[in-house]
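Contents: one structure, followed by commentary.
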Amino acid sequence: METLVFAFAGFLESGKTNFIKETFQDPNFATGEKTLLIVCEEGEEEFDEKEMERHNAFIVKVEEQEELTPEFLKKCNSEYKPSRVMIEYNGMWQMDYLMEMPLPKKWMLAQIITTVDMGTCQMYMNNMKSMMTDKFMYSDLVIFNRCRADVDKGSFRRSVKAVNRRAEVVFEDMSGNMIPMGPEDLPFDIKADCIEIADEDFGIWYLDAMENVDKYVGKTVKFRATVYKDKKLGRQTFAAGRFAMTCCADDIAYIGVMCKSPMADKLALRDWIMVTAKVEKEMVKQYQGEGPVLYPSEITPAEKPEEDIVYFN
């Protein structure tokens, strides 16, 4: 039987310890399995070792990153023989250190959960964005906790989705209750006969179209884009998109939507165009699943915008 490993990421005082404690109070989780809890940092909130033992959970502390090694994990596995493992990861350590580490035989990384304290989130996003996105990139679940009523959920959600489309994102209020996401207030008119996407809003539309393609099917969109072409796409297929900053100035990537048109032959790589197209939903290899495919009714040359990099906020 496999030993499931659950990793908890987030900066110090982001709520990792409280979340783990609450998890042990959940009758669906706390069913008596022997749990090894590897604690890689300690904040104001600490675990009561005797209380954890009542849940058949045993704590091992790691103070330095160099101590967390494959050999250390094998030793823990041999000593404790856990049925499952929980790792409270240090918020200052890079996630790829954990992701690339060989685990003991039959251990399987099942879920990565990142907690974010909204009281300090904006400060970290402004000053340590690469470290924030490092955690978002690998997470299965991101929990923004201690949220005030006026929090811009859409903006923070897009910060996660820009680097990890598969992550589930939830928000909790100051009392720990989940806040419904609700419909996002988009900066373009989704009900218009032709949905015109401003240059600065392309990133927002791209994420929304990729995640909620059904609401765009059959609609017409218009936006300025730069062309990406590749022989592997076929003669009548190209991508219309923009270069986007997902993390920092060193992390700029092209994001684009597949287009199918006989006019593709007349386009060159990096051409700037204004495209008006109908949206359909199709299986696309580059999306690794279904997503929006555009069928242009009009493609005209366009000037390169003054700001050619787009953002997701």
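The values are calculated or read from the model by the stated rules, or taken from the named source; none is laboratory data. The model shown is predicted, which means the values in this text are computed figures rather than measured ones. When we count neighbours, we look across all protein chains shown, and the Cβ atoms used for this are built from the backbone with ideal geometry, even at glycine.
Here are a few things to note about the model shown:
- Residue count, the stretch 287-304 (criterion: surrounded by fewer than 17 Cβ atoms within 10 Å (Cβ to Cβ), within 28 Å of the chain's Cα centre (by Cα) and in contact (Cβ under 8 Å) with a residue 40 or more places away in the chain): 2
- In the stretch 1-40, the residue that is farthest from the chain's Cα centre (by Cα) out of those that are part of a helix (DSSP H, G or I) and over 23 Å from Gly119 (Cα atoms) is Gln25.
- Of the residues making up the stretch 71-90, those that are in a helix (DSSP H, G or I) and not aliphatic (A, V, I, L, M) number 9.
- Elements of type strands (runs of 3 or more DSSP E) in the stretch 101-207, at least 2 residues being over 12 Å from the mean Cα position of the chain (by Cα) and closer than 17 Å to Ser14 by Cα: 107-117, 141-147, 168-173
- Qualifying residue in the stretch 205-213 (condition: polar (S, T, N, Q) and either surrounded by 13 or more Cβ atoms within 10 Å (Cβ to Cβ) or closer than 25 Å to Lys285 by Cβ (or both)): yes
- Scanning the stretch 108-124 for residues that are buried (at least 19 other Cβ atoms within 10 Å of the Cβ) and either under 19 Å from Leu37 (Cβ atoms) or touching a Pro at 6+ places or on another chain (Cβ under 9 Å) (or both) yields Ile112, Ile113, Thr114, Thr115.
- Matching option when the condition is in the same structural domain as Ile273 (by TED's automatic domain parsing) and loosely packed, with under 15 Cβ neighbours inside 10 Å, among Arg224, Arg235: Arg235
- Test result for Asn77, on the phi < 0 side of the Ramachandran plot, crowded, with 17+ Cβ neighbours inside 10 Å and over 22 Å from the mean Cα position of the chain (by Cα): yes
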